[in-house]
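A.B. asks: Next up is a structure, given as C-alpha cells.
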Amino acid sequence: LKEGAICQFSKEIANLTNLKAFSFSLNMVRDLKLDELLTFPLALKCLNSLESLSLGFTAFKYVSDKFVRELLCSIRKFSRLKKLELDFETNCCISDASIEDLGCLLPNLKSLKHLKLCFPGCKGITGSGLKYLFYGLSSIMILSLYLSLYNCPAIVRDVMTWIKTGLRALKKKPEVKLLLGEKCDSKMFFGIEYISELKKLNIPVMIDEI
C-alpha cells in the first residue's frame with residue numbers, strides 16, 4: 001500500500017451513507033502506521049445503514065485491543081446490522097479484552113442474526129472473554145454463530161465450560177460452528193466427554209478438528 005492510501009480510502013467510504021453491505025480486508029500489511037489505520041474506524045461510523053459487514057485484518061503489527069475497541073465503537077449504532085463477520089487471524093497484540101468488548105457491544109445490535117468471529121493464531125486469547133461474549137449474545141436473537149479459536153496456544157481448559165454455559169443461556173437455539181484444535185490441546189477439546197456434553201444442549205453444534 002502507498003502511504004496515505006487508507007486515509008484516502010476512508011474519506012471515500014465515509015460518503016457511502018446509504019450502503020447496505022460492506023466487505024473489506026487487509027492482510028499482512030506490516031508497514032502501515034497506526035495513525036493511518038485508525039482513520040478507518042472513524043470513517044466506518046458514517047455507514048450506519050449497513051445490514052451486512054465483513055472485516056478482516058490478518059497479521060497486522062498494529063492491530064491490537066485498542067484498534068478493535070475503536071472498530072467496535074464505530075459499529076455500536078448500526079441498528080440495522082443483521083450479519084457481522086470479524087477476522088483477526090494471527091494478530092499477537094489481541095487479547096481476551098477484545099472479545100469482552102465485543103460482548104459489551106452486542107446488546108446494541110438488536111437486528112443481528114449472524115455472527116462470525118475468527119481469532120486463529122492469536123497468542124493472547126485464553127478464552128476467558130467468552131463469558132462476556134455469550135452474555136452479550138443472550139440479549140439478542142442470534143440465528144447462527146461461527147467461532148474460530150483455532151491454533152490459539154493460550155486457550156485454557158475452562159473454555160468449554162464457558163461455551164456450554166453460554167449456549168444454554170441463549171434465547172433462541174442458533175446454529176453453532178466451533179473451530180478449535182491444533183496447539184489448543186486436542187484432547188481437551190475433542191475428548192468424547194466434551195462432544196457428548198455439547199450434544200446434550202440440543203443445539204446443532206458443528207466442531208471442526210483440523
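The values are calculated or read from the model by the stated rules, or taken from the named source; none is laboratory data. Predicted model, so just to flag it, every value in this text is computed and none were measured. Cβ coordinates were reconstructed from backbone atoms using ideal geometry, including for glycine residues, and neighbour counts include every protein chain displayed. Just so you know, the surface numbers come from the protein's heavy atoms only, side chains and all, with ligands and any DNA or RNA stripped out. Shrake-Rupley method; radii C 1.70, N 1.55, O 1.52, S 1.80 Å.
A.B. asks: Once both labels are modelled 7 Å past Cα along the beta-carbon direction, what's the LYS123-SER111 spacing in nm?
C.D. replies: 4.1
A.B. asks: Please say if the stretch 56-189 is rounded, prolate or oblate, where rounded means a/c under 1.5 for a ≥ b ≥ c the square roots of the C-alpha gyration tensor eigenvalues, and otherwise the choice is prolate for a/b larger than b/c and oblate otherwise? Present the calculation step by step, with values, prior to reporting the outcome.
C.D. replies: On the way: a/c = 1.86, a/b = 1.15, b/c = 1.62.
Note, shape of the stretch 56-189 comes out oblate.
A.B. asks: If you roll a 1.4 angstrom probe over the protein chains with everything in place, what fraction of the accessible area of the stretch 32-149 belongs to carbon and sulfur, to the nearest %?
C.D. replies: Values: 2320 of 4390 Å².
Carbon with sulfur: 53 percent of the solvent-accessible area.
A.B. asks: Let me ask something additional. Going down the list LYS131/LYS172; LYS33/LYS113; LYS110/LYS131; LYS61/LYS116; LYS83/LYS123; LYS131/LYS177, which pairs span over 25 Å between their C-alpha atoms?
C.D. replies: LYS33/LYS113; LYS83/LYS123
A.B. asks: Using a Förster distance of 45 Å, how high is the FRET efficiency between ARG76 and ARG157, based on the Cβ-Cβ distance and rounded to 0.05?
C.D. replies: 0.85
A.B. asks: Still on this model: Using 0.36 nm times the number of residues separating GLU175 and GLU51, minus their current alpha carbon distance, what extension gain do you get?
C.D. replies: 42.7 nm
A.B. asks: Any idea of the accessible area per residue across the stretch 90-189, 1.4 Å probe, to the nearest Å²?
C.D. replies: Value returned for the stretch 90-189: 40 Å² of accessible area per residue.
A.B. asks: A follow-up question, please. Just report the Cα centroid separation between the stretch 79-117 and the stretch 123-165, whole Å.
C.D. replies: Measuring centre to centre over Cα atoms gives 11 Å.
A.B. asks: Follow-up. Grab the beta carbon distance between ARG168 and LYS20, set R0 = 35 Å, and tell me the FRET efficiency rounded to 0.05.
C.D. replies: Working: r = 34 Å, r/R0 = 0.97.
The formula returns an efficiency of 0.55 here.
A.B. asks: Still on this structure: Probe of 1.4 angstrom, ligands and nucleic acids ignored: what's the accessible area per residue over the stretch 1-56, in square angstrom?
C.D. replies: On the way: 3230 Å² over 56 residues.
The answer is 58 Å² per residue.
A.B. asks: Next up: Starting with the highest mean, order 114-127, 147-160 by the number of other Cβ atoms within 10 Å, averaged over the residues of each peptide.
C.D. replies: Peptide ranking by packing, descending: 114-127, 147-160.
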